[in-house]
Amino acid sequence: MEFQENDIILFQGDSITDCGRNYEDPSSLGVGYALMTAARLGLQYPEKKLTFINRGISGNRAADLQQRWNKDCLELKPTVVSIYIGINDTWRRFDSGEETTAAQFEASYRDLIERTQEAAGAKLILIEPFVLPVPEDRKGWRRDLDPKIHVVRGLAREYGAALVPLDGLFAAASVKTAPAFWAPDGVHPSPAGHALIAEAWLRTAGAIG
C-alpha cells in the first residue's frame with residue numbers, strides 16, 4: 001500500500017481502537033495502536049500531510065458499526081479505512097447470552113466493506129480479532145471467535161483488502177512471554193500489545209519492512 005499526499009486514514013472498531021479517545025475532540029486518537037500508528041506514519045511521511053481519525057467506540061460489535069457507518073465513516077471521506085471488530089461479537093455471547101453467529105457477523109462486515117467501496121473507494125485494512133487464555137475461561141471463547149476470524153480472512157481475500165493477522169501474531173508473542181503481558185484480560189492489549197498491533201499494521205501497509 002502506497003500512501004498518497006493528503007490521505008485521510010480512519011481507524012474504526014471497538015474499545016481496542018477507542019482506547020480512551022476524547023469524544024469531544026474529533027482529532028483525538030486515544031492512547032493505543034491508532035496513536036502509535038499515526039505517530040510513526042507522521043514521522044515517516046511528513047511531506048504527505050496525512051490526516052488521522054479515530055472513531056472506535058468501546059463495546060461495539062459489527063452491527064453497531066453498521067448503524068453509525070454513514071456518520072462515522074462515509075461522511076468523513078476517508079481514503080484508507082482500517083476496521084478492527086469482532087471480539088465483542090463473541091464476548092456478548094458469554095457475558096450476556098447475546099449470540100452473533102458467524103453468518104450474521106459476515107453479513108454485517110460485508111455490508112461495511114461494500115458500502116465503503118461504493119461510496120468512498122477507500123483502501124481497506126482489516127484487522128482480525130484475537131483472544132488470549134487470560135483468564136482460563138477465555139479458552140472456551142475460541143469455538144465462537146475462530147469462525148469469525150476466518151470470516152475476516154475470507155473477506156480480505158474476496159475484496160482484495162490488506163489483512164493484519166493479529167490472532168496468530170499474539171499467539172506467537174505469547175510463546176516468548178506470558179499471555180497476560182500482552183493482554184491482561186486476554187482481550188484488551190497492554191501498551192506492549194498495542195505496540196505489537198501498530199507494528200503489524202505498519203508492516204501490512206508496507207510502511208516498514
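Compare E199, E106 by solvent-accessible area with a 1.4 Å probe and give them largest first, with all protein chains kept in place.
E199, E106
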Farthest towards the positive end of the dipole of the stretch 55-127, among L65, G86, T116 and with Cβ unit charges of +1 on Lys and Arg and -1 on Asp and Glu, lies the Cα of T116
Checked against a 24 Å limit on the C-alpha separation, the offending pairs among K49/K148; K139/K176; K48/K71 are K49/K148; K48/K71
For the chain, the accessible surface attributable to carbon and sulfur atoms (probe 1.4 angstrom, ligands and nucleic acids excluded) amounts in percent to 53 percent
What helix-only [θ] at 222 nm does the chain give? Using -39500 (n - 2.57) per DSSP H run of at least 4, over all residues, to the nearest 500, the answer is -14500 deg cm²/dmol
Checked the stretch 68-180 with the C-alpha gyration tensor, a ≥ b ≥ c its square-rooted eigenvalues, rounded below a/c of 1.5, otherwise prolate if a/b is larger than b/c and oblate if not; verdict prolate
Contact order relative to length for the chain, counting C-alpha pairs under 8 Å separated by 6 or more residues, stands in percent at 22 percent
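For the stretch 129-176, what does the alpha-carbon gyration tensor say about shape, rounded, prolate or oblate, given a ≥ b ≥ c as the root eigenvalues, a/c under 1.5 as rounded, and a/b over b/c as prolate?
oblate
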Excluding residues fewer than 8 positions from K123 in its own chain, the aspartates and glutamates with Cα under 15 Å of it are E2, E5, D7, E114, E158
Whole-Å distance linking the alpha carbon centroid of the stretch 1-63 with that of the stretch 83-131 is 18 Å
Given unit charges at Cβ for Lys, Arg (+) and Asp, Glu (-), the dipole magnitude of the chain about its Cα centre in debye, nearest 20, is 340 debye
For the stretch 127-209, shape from the Cα gyration tensor axes a ≥ b ≥ c, cut at a/c of 1.5 then a/b versus b/c, turns out oblate
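The values are calculated or read from the model by the stated rules, or taken from the named source; none is laboratory data. Since the model is a prediction, treat every value here as computed from it, not as a measurement. Note that each Cβ is placed from the backbone with ideal geometry, even for glycine, and that neighbours are counted across all protein chains shown. The protein model used for the area step is the full one, side chains on, heavy atoms only, and it has no ligands, DNA or RNA in it. Shrake-Rupley method; radii C 1.70, N 1.55, O 1.52, S 1.80 Å.
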